[in-house]
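S.K.: Below are the structure tokens for one structure; questions will follow.
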Ligand SMILES: NC(=O)c1ccc[n+]([C@@H]2O[C@H](COP(=O)([O-])OP(=O)(O)OC[C@H]3O[C@@H](n4cnc5c(N)ncnc54)[C@H](O)[C@@H]3O)[C@@H](O)[C@H]2O)c1
Ligand SMILES: [Zn+2]
Ligand SMILES: [Zn+2]
């Protein structure tokens, strides 16, 4: 069956404005493109930041979304690894596979890609999406895989793992604190357990998310709306936290991180920030800490895919 001329999509209309609209169905523009019919998609915390106006590169009329599972509908003449009918996972990051950044597996900075879906080009919260560099940006889905779980591999699970756990360099026996128990914080919570930390403390303002975190392996939880998170975290430890991850994207939660990091510890910032934070360098310089930031690369896909099965 041919693709329809028009489709439904979630369209950004400026800060605070989104609507379901009828728009033109995407077409193959480059030989390396594929058109994918979306079966499952999700809303990321980053979409919420876009809607708050924190990501001004997103312009009005942009179709949102950068996560999804679908079925290949059309491929350009240069696509060799996929054909119509293939079931695929979309990476939130498009990678040409050839530029200097791609050669270093820094796919998020690909010179002809990176995080562009639902950001600089139309995204996945639609019936169809154009995926550039399909050979390097789509992944085959084995038969019988739970597609609802797999959609977490587009962005959420790799972000928590790469930017939280690997950049934070979680070690066996560490005390880890994760500020923000949304999907990203939960992904960091799950994947930190690959490295056997001794303690995994989750901080959020929502009790139901904290209760869920307990079922995912959190050893302790702190509700920072009703408790002083810095005082609690310091009281729980001798001299602070080995690895503290920021998974909200606001100054107040970054502030918790810089106040509890232990000498020699790591702050792994995962959150997307729309405003500046006040870096307390006069306190931190003497602590031999490591501060990392980053946009997910999805370079750990072969590993996260296996671990999700
Ligand atoms: N670096 C990357 O590549 C990358 C990729 C994806 C998402 N992100 C970012 O990661 C962050 C988390 O994403 P998500 O999808 O889990 O978002 P989310 O909005 O679903 O979850 C955020 C959580 O933070 C909690 N929270 C809000 N204010 C708080 C406060 N003051 N103190 C403690 N907790 C608070 C909320 O209750 C919620 O549970 C966002 O900033 C998102 O943009 C970054
Ligand atoms: Zn995302
Ligand atoms: Zn590239």
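S.K.: Suppose we filter 165, 93, 129 for residues that are away from ligand 2 (no atom under 12 Å from the Cβ), closer than 18 Å to residue 183 by Cβ and crowded, with 21+ Cβ neighbours inside 10 Å; which single one remains? Before you say what the answer is, go through the steps one by one.
M.R.: Working: 93 fails: away from ligand 2 (no atom under 12 Å from the Cβ); 129 fails: closer than 18 Å to residue 183 by Cβ.
Result: 165 is the single residue among 165, 93, 129 that is away from ligand 2 (no atom under 12 Å from the Cβ), closer than 18 Å to residue 183 by Cβ and crowded, with 21+ Cβ neighbours inside 10 Å.
S.K.: Having 3 or more residues that are farther than 30 Å from residue 63 by Cα, in contact with a helix residue (DSSP H, G or I) (Cβ under 7 Å, 6 or more places away or on another chain) and away from ligand 1 (no atom under 11 Å from the Cβ) is the bar; report the strands (runs of 3 or more DSSP E) wholly within region 128-246 that clear it. Steps first, answer last, please.
M.R.: On the way: elements: 128-131, 138-140, 175-179, 199-204, 220-223, 241-246.
Correct list: 241-246.
S.K.: Residue 253 - would you say it is in a helix (DSSP H, G or I) and near ligand 1 (Cβ under 9 Å from one of its atoms)? Show your work before the answer.
M.R.: On the way: in a helix (DSSP H, G or I): yes; near ligand 1 (Cβ under 9 Å from one of its atoms): yes.
Against the criterion (in a helix (DSSP H, G or I) and near ligand 1 (Cβ under 9 Å from one of its atoms)), residue 253 qualifies.
S.K.: Continuing with this model, one more query. Cβ-Cβ under 8 Å, sequence separation 6+ or interchain: first residue in region 105-122 and within 15 Å of residue 159 (Cα to Cα), partner away from ligand 1 (no atom under 14 Å from the Cβ) and modelled with pLDDT under 95. Which pairs?
M.R.: Final answer for the pair search is none.
S.K.: Restrict the check to region 36-54 and report whether at least one residue is farther than 27 Å from residue 149 by Cα and in a loop (DSSP other than H, G, I, E, B).
M.R.: yes
S.K.: Out of curiosity, is residue 279 part of a loop (DSSP other than H, G, I, E, B) and either in contact (Cβ under 8 Å) with a residue 40 or more places away in the chain or closer than 16 Å to residue 161 by Cβ (or both)?
M.R.: Here the answer is no, as residue 279 does not meet what is asked.
S.K.: Just checking, does region 197-216 include any residue being modelled with pLDDT of 95 or more and on the phi > 0 side of the Ramachandran plot? It would help to see each step written out before you state the result.
M.R.: Step one: filter region 197-216 for residues modelled with pLDDT of 95 or more, giving 197-216.
Next, from what is left, pick out any that are on the phi > 0 side of the Ramachandran plot: none.
Checked against the condition, which is being modelled with pLDDT of 95 or more and on the phi > 0 side of the Ramachandran plot, region 197-216 yields no hits at all.
S.K.: Please go through region 69-104 and pick out each residue that is under 20 Å from the mean Cα position of the chain (by Cα) and free of Cβ contacts under 8 Å to residues at least 24 places away in the same chain.
M.R.: 101, 104
S.K.: Regarding region 172-185, can at least one residue be identified that is within 16 Å of ligand 2 (Cβ to nearest atom), farther than 20 Å from residue 260 by Cβ and in contact (Cβ under 8 Å) with a residue 12 or more places away in the chain?
M.R.: yes
S.K.: Related question: Residues of region 287-302 being in a helix (DSSP H, G or I), touching a residue at least 12 places away in the same chain (Cβ under 8 Å) and over 30 Å from residue 56 (Cβ atoms), which ones?
M.R.: Let us first name the residues in region 287-302 that are in a helix (DSSP H, G or I), namely 287, 301-302.
Subset that is touching a residue at least 12 places away in the same chain (Cβ under 8 Å): 287, 301.
Hit for region 287-302 is 287, nothing else.
S.K.: Looking only at region 106-127, count every residue that is in contact with a helix residue (DSSP H, G or I) (Cβ under 6 Å, 6 or more places away or on another chain) and on the phi > 0 side of the Ramachandran plot and tell me the total.
M.R.: 1
S.K.: Would you be able to say whether some residue in region 100-118 is modelled with pLDDT of 95 or more, in a strand (DSSP E or B) and either surrounded by 24 or more Cβ atoms within 10 Å (Cβ to Cβ) or within 15 Å of ligand 2 (Cβ to nearest atom) (or both)?
M.R.: yes
The values are calculated or read from the model by the stated rules, or taken from the named source; none is laboratory data. Owing to the predicted nature of the structure, the values given are computational and were not obtained by experimental measurement. So basically every Cβ, Gly included, is an ideal-geometry build from the backbone, and we count neighbours across all protein chains shown.
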